[in-house]
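Some notes on the structure that comes next.
The values are calculated or read from the model by the stated rules, or taken from the named source; none is laboratory data. Please read these numbers as outputs of a predicted model, since none were measured by experiment. So basically every Cβ, Gly included, is an ideal-geometry build from the backbone, and we count neighbours across all protein chains shown. We work out accessible area using only protein heavy atoms, side chains counted, and drop any ligands, DNA or RNA first. Shrake-Rupley method; radii C 1.70, N 1.55, O 1.52, S 1.80 Å.
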Amino acid sequence: MAFPQRAVARPRPTSHRYDGKTSLPWAPIGQMRVTALLPAHNEAEQIAESIDSLRFQTRPPDRVIVIADNCSDDTARIARRCGAEVYETAGNAHKKAGALNQVLDRLLHFLGPDDVLLVMDADSALDRGFLQAGLEYLSSGYYAAVGGTFTGKDGGGFVGMLQRNEYVRYARDVRRLQGKALVLTGTATLFRALTLQQVVTARRAGRLPGAGHVYDVRVLTEDNELTLAILHLGLRILAPKECTLTTEVMPTWRELFRQRLRWKRGALENLTDYGWTKVTRPYWGRQLLSFIGIVVVFLYLGTVVWSIAVMGGMRIQPVWAAITVIFMVERVVTVRARGPRQMLLAGLLFVEMVFDVFLQIVQAKAFWEAAWHRERKW
């Protein structure tokens, strides 16, 4: 692949209040060039929908490159038929991170200040205004990267429904924080090329963990790690309400357990790699809250079991009754965007408690494996 050099854009001051962080040069939005990268491993069933969601953007990308990683199905053929360029990885043993690095190692050298990279999962589909909105935020230089909030695609039965409710709650939380997301998710994120070039330079200089590539291939959650890398460079990120998409849900409890264990353990290990810093302190705080959540949930369940087994019936103390009511109200209110039927289901203690206990079990296992330094793999 050959990539022409881009003209250098002149810096332009932003109107944002100074916060001690670093801004990038201004880039005229009409000259910004977007290259979409879609790493795909056997995504023949969904790759066409993902590419179509790019073609029908209000501001489509200039290039779409599907990175076919060790595919044994028709992913590459379907991607070409849909008009995308296809890069087939060679000798990649590092899954998504390794596949992206193979292309980015070649691509970044040719990109300038007005270039933007979209990294998007091949099982995701962007809503029509995603790119236009993202570029408007990036063009000023105030933000180094812009991520999306997502809802779940149909399917997956009961476990799929629970994930869709969870994703709606996540999007609601991000909106309430005015886009201050903790993670630029792999579902879809726009990066200024300058941002990723700075990450590579910092890794090579030893100022960030990992080898001299955009993605650290040692980690379980490459997207979370890249977010921490960008923040440690003093750059800003955002997940604005206008940048939305849909993504695949896990169809079974087994697959969901595996996915969430990777996410949760990966987050812990990313924090261990970076240590205790000004950037990581809020993340460590969330891990502490997760640990407290595990303790509270299992104390609650233990109280219920004790009441039934020893006392001969349900005799929950007032404090636990209050916690139950608060939990039920929170579950109902936070899923309001999904409609009355989902609000009714969320009000059933059993339905939401099953999922919450499931997630706490996953979190507990993640803490255990990280503490005992089990091998990082997925």
Three-way shape label, segment 146-262, alpha-carbon gyration tensor, a/c 1.5: oblate
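Return the calculated 222 nm mean residue ellipticity for the chain, to the nearest 500 deg cm²/dmol, obtained by summing -39500 (n - 2.57) across DSSP H runs with n ≥ 4 and dividing by the residue count. Don't skip to the answer; put the middle values down first.
Values: 12 runs with 180 residues, N = 378.
When only DSSP H runs of four or more count, the value is -15500 deg cm²/dmol.
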Once you have a ≥ b ≥ c as the square roots of the Cα gyration tensor eigenvalues for segment 43-122, tell me rounded if a/c is under 1.5, and otherwise prolate or oblate according to whether a/b is larger than b/c. oblate
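May I ask you to give the percent of accessible area on the chain that is carbon plus sulfur, with a probe radius of 1.4 Å?
On the way: 10710 of 18330 Å².
With neighbouring chains kept in place, the figure for the chain is 58 percent.
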So which aspartates and glutamates can Lys95 reach, going by Cα to Cα under 14 Å and dropping same-chain residues fewer than 8 places off? Glu43, Asp69, Asp121, Asp216, Glu222, Asp223
The answer for segment 116-273, accessible area per residue at 1.4 Å probe in Å², is 34 Å²
If a/c stays under 1.5 just call it rounded; otherwise compare a/b with b/c (prolate if a/b is bigger, oblate if not). Do that for segment 168-221, with a ≥ b ≥ c from the square roots of the Cα gyration tensor eigenvalues. prolate
Of the DSSP H helices in the chain, the ones reaching 27 Å or more along their long axis in Cα terms and averaging at least 1.0 in Kyte-Doolittle hydropathy are 281-309, 349-371
When the dipole is taken about the Cα centre of the chain, and only Lys, Arg (+1) and Asp, Glu (-1) are charged at their Cβ, what size is it in debye, to the nearest 20? 1000 debye
Cα-based Rg/(2.2 N^0.38 Å) for segment 207-365, rounded to two decimals, is 1.29
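Can you say what percent of the DSSP beta bridges in the chain, counting only those with both residues inside, are antiparallel? Round to 5. List each step's numbers first, then the result.
Numbers: 11 of 32 bridges.
Around 35 percent of the beta bridges assigned by DSSP in the chain are antiparallel ones.
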Could you name the lysines in cross-link range of Lys96, using Cα to Cα under 20 Å and dropping any fewer than eight places away on the same chain? Lys264, Lys377
